Amino acid sequence: MDIHSYEKAWLGAALVLIVFFIATITYGTVGAGVSMVDDSGGTVDPNNLADHERFGDPGVEQVGENEYEVNVVASAFYFNPGSDQLGFDPIQVPANSTVTFYVTSSDVIHGFSVPGTNVNTMVIPGEVAELTVEFDEPDTYGLLCNEYCGYDHHNMEGTVEVVPEDQYDGGDGQ
Ligand code: CUA
């Protein structure tokens, strides 16, 4: 059988494209730090968060030299901490830090998204979402709920402040 050289070239190009598409999907699935929503952070009783060691008094904790944990409770329609426009503390961490967020919900499914970072998860009552991110430079980020959770979903938001290391005072945002 004789295959024309142009046909061979197009066959080759099509094969390269298929391999490229599979590679991009593979990268998007496992290479970019993307993972499915799960209860990797553990499970909690959403009706009894007040007694929970992480969520009874949510906020920022330093756990290593440049390592911080931020425990956040999402409720209709605020993040505690985070929703500074409603009187809660903003989430404040220093620059050059590695921050692990532990987020749970006290009522319905919410979202927890910090645009401009790879922090973006669904927040499910009874489950703890765990995400780690590195903040290198001082900046101020918005914090959004991106799962429809009720009549005031569109106002469920907050602030994440990454402050210069020498201005960091312990994370209570005061
Ligand atoms: Cu909480 Cu939408």
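Label reach from D166 (point 7 Å along Cα→C-beta): in the stretch 76-120, amide nitrogens under 20 Å belong to 93-97. Seen against the Cα atoms of the chain and their longest principal axis, helix 5-26 is set at about 10 degrees.
Annotation: the antiparallel percentage among DSSP beta bridges lying fully within the chain is about 70. Across the stretch 84-174, C-alpha contacts under 8 Å between residues 6 or more apart give a mean separation that, scaled by the residue count, equals a relative contact order of 38 percent. Modelling each spin label as a point 7 Å along the Cα-to-Cβ direction, I'd like the E61/A13 distance in nm, to one decimal. Between E61 and A13, the label points sit 5.9 nm apart.
If you take all other residues with their beta carbon under 13 Å from the beta carbon of V114, and give Lys and Arg +1 and Asp and Glu -1, the sum is -4.
Sorting the segments 45-56, 86-97, 111-122 by their residues' average number of neighbouring beta-carbon atoms within 10 angstrom, most packed first, yields 86-97, 111-122, 45-56.
Using all pairs of distinct alpha-carbon atoms, the Kirkwood hydrodynamic radius of the stretch 1-157 works out to 17.7 angstrom.
Rule-based calculations on the coordinates, nothing more; no lab input. What you see is a predicted model; the values in this text were computed from it and never measured. As a convention, Cβ positions derive from the backbone with ideal geometry for all residues, glycine included, and neighbour counts pool all protein chains shown.
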